Amino acid sequence: MGKFYITTPIYYINSVPHIGHAYTTVIADALARWHRLRGDDVFFLTGLDENSAKTLEAAKERGFKDIQAYADSMANLWLSTWRLLEISNDDFIRTTQERHRKNVIELFERIRSKGDIYKGTYEGLYCEGCEAYYTEADLIDGKCPLHLTRPKWLKEENYFFRLSKYADALLKHIEENPDFIQPEARRNEVVNFIKQGLKDISVTRQNQQWGIDVPGEPGQKIWVWFDALINYLLPKKYWPADVHIIAKDIIRFHCIIWPSMLLSAGLELPKRIFAHGFLTVEGQKISKSLGNVIDPAYLVEKYSADVVRYFLIREVSFGQDGNFSEASLEARLNDELADILGNFVHRVLTFIRDRFNSRVPEGKVDRKLEEEILQRVEKIERLLLELKVSQALDEIMAIARRGNEYFQSCKPWEAIKKEKEKAADCILSCVNLVKILCVSLTPFMPEAAAKLAKQLAIEVKHWNQAKAFDIRPGHVIGEPVALFAKLKKAEGPKEKLISIEEFGKLDIRIGRVLAAERVPKSKKLLKLEVDLGREKRTLVAGIAEKYAPEDLVGKNIVVLANLEPAKLMGVTSEGMLLAAEDEAGVSILVTDRPVKPGSKVR
């Protein structure tokens, strides 16, 4: 039917993917899948912003000397998370890739050739978390509104982009294209900001170790945001983007700086930029410091990808702020997916199997019901074209709810005893309604929809299949299987707690590493000589893949001292080094200030 190019932001790799990242990506995926189902030529781009100063900091924190090796490990983690969530992206851009670097240099030079990049000195407030400059008016109580930290005063000789030059052209474009920035509240925010006056912005940074060099000036790196935005141009065949899906905290970069860069370069602007709200966890902003980062992989393992996808889209009205809680997720699973959708589908299909030998009975479709449902399908289509994804899923669930009501009102289990034709009419109408649910849910819950298609013995090929009651009498269905199981509260034994006396049996002490070396013939083991105050001990620890021996000497580590000795690769270990482990690997526990060796941990 046409081209459809959709993007997510490219995500920083200083931390693991969390539920907020999943929210944006799942929304974009549902839209991409729906447009494919319509027959559109779809390109769905997501990826990672690896050229940030945050990447360098995170790599050092986690013991990586090779920054690219850290970036590679994080890219694998993000890719595996998106696979778990059934994300169907057509490309995955990484800003450390050569194809991206070439694209950035090309656009930088193109804008510079227009006279829109010039050298100057910048002095102002700089938030390291945002990697951006702020004015005093932007701050809240003198702090960055996003990171709640005080920006530092920075003075640098940089290259500047003539952002101020494009204020009028940008306002004109927004006025002539009211759908360019959505929702309306975000558009108004951008317009008001532009009308206050745009200033030229610094688009390079001095003395940074990581990033893309300014051509001819290796002492200058291209600013991460100027660099990152250019990723969207890579699939040149598909530009301009039909929609950029972003969160509201990066609206100025995408709705002011990015279109101004494109105007300078003489390129088309994206058709739409949709800035959704924040996803909080139990009412709090997602933050590592608050310890409320929810791993999507954990949720998928516990509930399935389809349940997580359904909840994220259904729970929050797209464009508004919303809240995540497992209790709400479980309620949606039990009350909607199992009790409404799953119950209706299972009742219809098992009735066909048990009463009609798995063959759709001879009957007449209820034309009034058909008209009602097809009107809802038309509404779903309109909503998806308008990016009202949550509302579209609401309508799909309304169809499932209507199906339950209709089945219950017909009472085919009673009618079949004396009015078999009435029962057949009901079942023929209901199985077509199940088919429409199957097609409609395919972009939202692809795995569940595929299972349902198998039970219906149909193949979902096109969205138009949702616009007809075309399952005919005589059609043979497959074996019905429950799509969703209600989550039952576990009533097993409570987690065993230990007493303070039992904890007191553990002799945990601070040790200072005096020497360290690799254990011969082992890739993972290091041999450490540790000062425990009154004595010196030999420890063997499986941390060689994350830590070089020389990096450990002098560190104050935490040691379980009263563990029975154990021989590893021929070396006797006289205790255990304590460490934490997550998706990014091992991190040893160290003290935040010098502590006397042998000090007891209490």
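In terms of its alpha-carbon gyration tensor, region 305-376 comes out oblate; a/c meets the 1.5 threshold, while b/c is at least as large as a/b.
Within a straight-line Cα-Cα reach of under 17 Å, K248 can be paired with the following lysines, leaving aside sequence neighbours fewer than 8 residues apart in one chain: K285, K388. Relative to the dominant Cα principal axis of the chain, helix 343-356 is inclined by about 40°. Summed over all non-identical Cα pairs, the Kirkwood treatment of the chain gives a radius of 28.0 Å.
Roughly what angle does helix 446-456 make with the longest principal axis of the chain, taking Cα atoms, 0 to 90 degrees, to the nearest 10? The angle comes out at about 30 degrees. When the C-alpha to C-alpha distance is required to be over 19 Å, the pairs from K379/K467; K54/K199; K411/K467; K102/K165; K65/K524 that qualify are K54/K199; K411/K467; K102/K165. Both radii were evaluated on the Cα set of region 189-328; the Rg over Rh quotient, with Rh as the Kirkwood radius, amounts to 1.04. Comparing Cα centroids, region 1-58 and region 247-265 end up 17 angstrom apart. Report note on the peptides 37-48, 53-64, 324-335, 432-443: ranked by the mean count of other C-beta atoms within 10 Å, highest first, their order is 432-443, 37-48, 53-64, 324-335.
Every number in this text was worked out from the coordinates using simple rules, so none of it is lab data. Not measured: the values here are computed from a predicted model. All Cβ positions, even for glycine, are placed from backbone atoms using ideal geometry, and neighbour counts span all protein chains on display.
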